[in-house]
Structure formats: C-alpha cells, structure tokens
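Every read-out reported here was derived from the displayed coordinates using simple, explicitly stated rules and does not represent laboratory data. On a predicted model such as this, the values are computed, not experimentally measured, just so you know. Counting neighbours? That spans all protein chains shown, and the Cβs are built from the backbone with ideal geometry, glycine included.
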Amino acid sequence: MRWHLAMYKVCWSSGCFDSDILAAFDVAVADGIDVASLSVGGMVVPYHLDVIAIGAFGAPSNGVFVSASARNGCPGGLTVTNVVPWVTTVGAGTMDRDFLADVKLGNGKIVPGVGIYDGPGLTPSRMYPIVYVGVEQFGGGDGYSS
C-alpha cells in the first residue's frame with residue numbers, strides 16, 4: 001500500500017484566511033485524499049459562519065475523513081472549537097494536574113471533586129443550590145457547556 005502525503009498552506013504570518021481554508025478543502029477533495037487533519041481552529045460561531053464546518057461539510061460524501069483540533073483554550077467556557085458532527089474533534093483526554101473543587105453540603109459532608117472553573121470565588125458560608133445539568137432550566141444556554 002502506498003500513501004500520498006499532501007499539505008495545503010492556509011495560514012500565513014498575517015493569519016489564516018477563510019478563502020485559503022475553503023480552497024484547501026476543494027483542492028484536497030479534488031486530489032483524492034482520504035484523510036484531512038486540521039490543526040487550526042477559530043472561535044465558536046454558528047455552523048453557517050464556521051469556515052471549517054463549511055469546508056468540511058462536503059468532504060465525507062467524497063470519502064474524506066476530517067479531523068480537527070479542539071483548540072481548547074481553557075480555562076473558561078466556550079473554548080472548544082470544531083464541534084460540528086461531520087468533523088472528528090481531537091483534544092487531550094487527560095492532563096497531568098488536578099484542580100481540586102470539593103463541595104461541602106448543607107449536612108457538613110464534603111464531596112471531593114475536580115473542576116476548571118475560573119470565575120470569582122464563592123462565598124464559603126453561603127448555601128448554593130445543586131442544579132441538575134441534564135435539563136436547561138434557565139434559558140440562554142449555548143448548547144456546548146453545562
């Protein structure tokens with residue numbers, strides 16, 4: 001079996017232009033590649049404005065498997081990109097540190113946990129509700145984070 005390695009330049013010193021990314025997808029499909037692996041990602045935007053989502057949309061129907069970096073800029077919400085269902089998003093599944101986030105319940109029991117919350121600290125003596133994140137109750141959710 002022979003493999004053909006093709007690279008398409010889409011990023012320059014002045015940035016990565018949408019037109020170059022879209023053109024690279026078109027040329028890659030025309031070249032008959034089997035796998036497109038992208039190590040770029042922008043901000044989280046709606047699918048119809050996401051140039052990688054648009055460029056990658058037709059690739060699977062042409063036999064091209066598309067993977068892209070998650071570009072997780074944590075800590076913080078909404079930092080994972082390339083989340084469309086027709087792109088396999090690749091990111092680290094583990095890391096070499098823990099961010100301890102124990103929870104003290106009203107009965108005094110401490111539940112150990114970890115988290116990546118980067119917001120302001122909570123008032124230690126105040127009681128906070130426990131919210132089931134399986135159901136969005138308050139509206140305004142982004143669909144990506146709980």
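In this structure, the amide hydrogen of ALA36, modeled 1.01 Å from its nitrogen in the peptide plane, lies closer than 5 angstrom to those of PHE65, VAL66, SER67, counting only residues at least 5 positions away or on a different chain. Normalised by 2.2 N^0.38 Å, with N the number of residues, the alpha-carbon radius of gyration of segment 11-93 equals 1.07. With θ taken as phi - 60° and the Karplus curve 6.51 cos²θ - 1.76 cosθ + 1.60 applied, the whole-hertz 3J(HN,Hα) list for segment 60-70 is x, 5, 9, x, 9, 7, 10, 10, 9, 5, 6 Hz, x standing for glycine and proline.
Projecting label points 7 angstrom from Cα along Cα→Cβ for MET95 and VAL45 puts them 2.6 nm apart. Counting only DSSP beta bridges with both residues in segment 11-93, the antiparallel share comes to about 20 percent.
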